[in-house]
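Input: a single structure, listed below in structure tokens.
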Amino acid sequence: MNLIYEGKGKKVFTDPASPDCRIVEFKNDLTAFNAQKKGSFPDKGEVSCGISHLIFQFLESKGVQTHWIEKINATQVRVQALKMFPLEVVVRNRLAGSLAKKMGREEGEILKQPCVEFYYKSDSLGDPFLSSEQVLALGLLDSATVSQIQGAALKINSLLKQYFQRAHLDLVDFKIEFGENAHKEILLGDDISPDSCRLWDEKTQERMDKDRFRKDLGGVDKAYREVLKRLESL
């Protein structure tokens with residue numbers, strides 16, 4: 001395998017078996033604030049890989065088209081090669097993080113309806129927010145693709161909210177990414193784990209995600225392992 005790309009939490013390799021596939025390896029690293037804060041915990045790659053595998057299996061079973069093919073081992077998965085769109089898609093169900101700060105309101109307030117946001121993928125620019133009109137005006141996507149992604153994001157949100165509720169977790173918000181495969185099909189890519197989701201315990205509202213690392217709450221490894229344990233029991 002040849003290394004194609006190394007990000008904050010994963011490495012992407014060529015797949016010797018197919019030029020249209022990639023091997024994704026999950027790392028033990030934790031980063032926050034555009035990688036200005038760094039950390040890790042033992043077996044994080046294994047835990048994140050396990051969580052993401054279960055989530056993508058669930059989404060595939062509900063008709064969501066994803067790049068996921070199979071789990072190879074504890075930290076590696078095989079996926080379809082995608083030409084990724086230069087956008088992060090964030091879906092929010094409650095006020096938290098940057099939106100709560102921008103509005104000057106307390107985290108946890110339930111939104112009247114799910115909110116889909118776009119952010120331009122650029123570490124040097126700090127991943128700035130873009131309206132759907134700006135996405136179109138800048139020529140990043142066409143209107144049909146924007147509509148398709150927004151619809152897919154809302155469908156994924158509805159499915160994941162129900163999925164996590166079964167694990168007694170509230171889905172506060174999450175980040176996903178999309179891209180095109182060799183057949184020009186738009187698929188859900190990247191991964192989904194507590195690195196990219198805000199998950200709060202249904203009863204205690206305890207944070208079960210990377211916010212424990214961002215906010216120096218401690219117990220981030222325990223929280224990730226508990227999320228995996230709950231999803232495995234479904």
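Remarks
- Residue in the range 34-45 that is under 16 Å from residue 190 (Cα atoms) and touching a residue at least 12 places away in the same chain (Cβ under 8 Å) present: yes
- Taken together, the criteria place residue 101 among residues that are of a type outside the set (A, V, I, L, M, F, W, C) and free of Cβ contacts under 8 Å to residues at least 12 places away in the same chain.
- Which listed residue is within 20 Å of residue 51 (Cα to Cα), among the basic types (Lys, Arg) and free of Cβ contacts under 8 Å to residues at least 40 places away in the same chain, from 198, 207: 207
- The listed residues are 65, 57, 36, and the only one of them that is under 18 Å from residue 232 (Cα atoms) and either of a type in the set (S, T, N, Q) or surrounded by fewer than 13 Cβ atoms within 10 Å (Cβ to Cβ) (or both) turns out to be 57.
- Boolean, residue 104 is surrounded by fewer than 19 Cβ atoms within 10 Å (Cβ to Cβ), out of contact with any Cys (no Cβ under 8 Å at 6 or more places or on another chain) and either charged (D, E, K, R) or closer than 22 Å to residue 10 by Cβ (or both): no
- When we screen 146, 227 for residues that are over 19 Å from residue 62 (Cβ atoms) and in contact with a strand residue (DSSP E or B) (Cβ under 7 Å, 6 or more places away or on another chain), the only hit is 227.
- Residue in the range 53-74 that is assigned to a strand (DSSP E or B) and touching a His at 6+ places or on another chain (Cβ under 7 Å) present: yes
- When 63, 50 are checked against the criterion of being of a type in the set (Gly, Ala, Ser) and without any contact (Cβ under 8 Å) to a residue 24 or more places away in the chain, a single residue qualifies: 63.
- Restricting 135, 146, 172, 116 to residues that are farther than 26 Å from residue 26 by Cα and under 14 Å from the mean Cα position of the chain (by Cα) narrows the list to 116.
- Taking the conditions (1) among the hydrophobic types (A, V, I, L, M, F, W, C); (2) in a strand (DSSP E or B); (3) closer than 29 Å to residue 11 by Cα; (4) more than 17 Å from the chain's Cα centre (by Cα) in turn, residue 140 satisfies each one other than (2).
- Criterion: of a type outside the set (A, V, I, L, M, F, W, C) and under 23 Å from residue 170 (Cα atoms) - qualifying residue of 97, 9, 39: 97
- Residue list for the range 212-221, restricted to those being touching a helix residue (DSSP H, G or I) at 6+ places or on another chain (Cβ under 8 Å) and either in a helix (DSSP H, G or I) or surrounded by 20 or more Cβ atoms within 10 Å (Cβ to Cβ) (or both): 212, 213, 220, 221
- When residues in the range 68-83 are screened for being surrounded by fewer than 15 Cβ atoms within 10 Å (Cβ to Cβ) and either in contact (Cβ under 8 Å) with a residue 24 or more places away in the chain or over 21 Å from residue 228 (Cα atoms) (or both), 3 of them pass.
- For first residues located in the range 122-143 and farther than 17 Å from residue 186 by Cβ and among the small types (Gly, Ala, Ser), partners that are at pLDDT below 95 and surrounded by 11 or more Cβ atoms within 10 Å (Cβ to Cβ) and lie 6+ apart or on another chain with Cβ distances below 8 Å form the pairs 126/34.
- For the range 33-76, filtering for residues that are farther than 17 Å from residue 10 by Cα, out of contact with any strand residue (DSSP E or B) (no Cβ under 7 Å at 6 or more places or on another chain) and hydroxyl-bearing (Ser, Thr, Tyr) leaves 1.
The values are calculated or read from the model by the stated rules, or taken from the named source; none is laboratory data. Treat the numbers as computed from the prediction; the structure is a model and nothing was measured. Note that we place each Cβ from the backbone using ideal geometry, even for glycine, and neighbour counts take in every protein chain shown.
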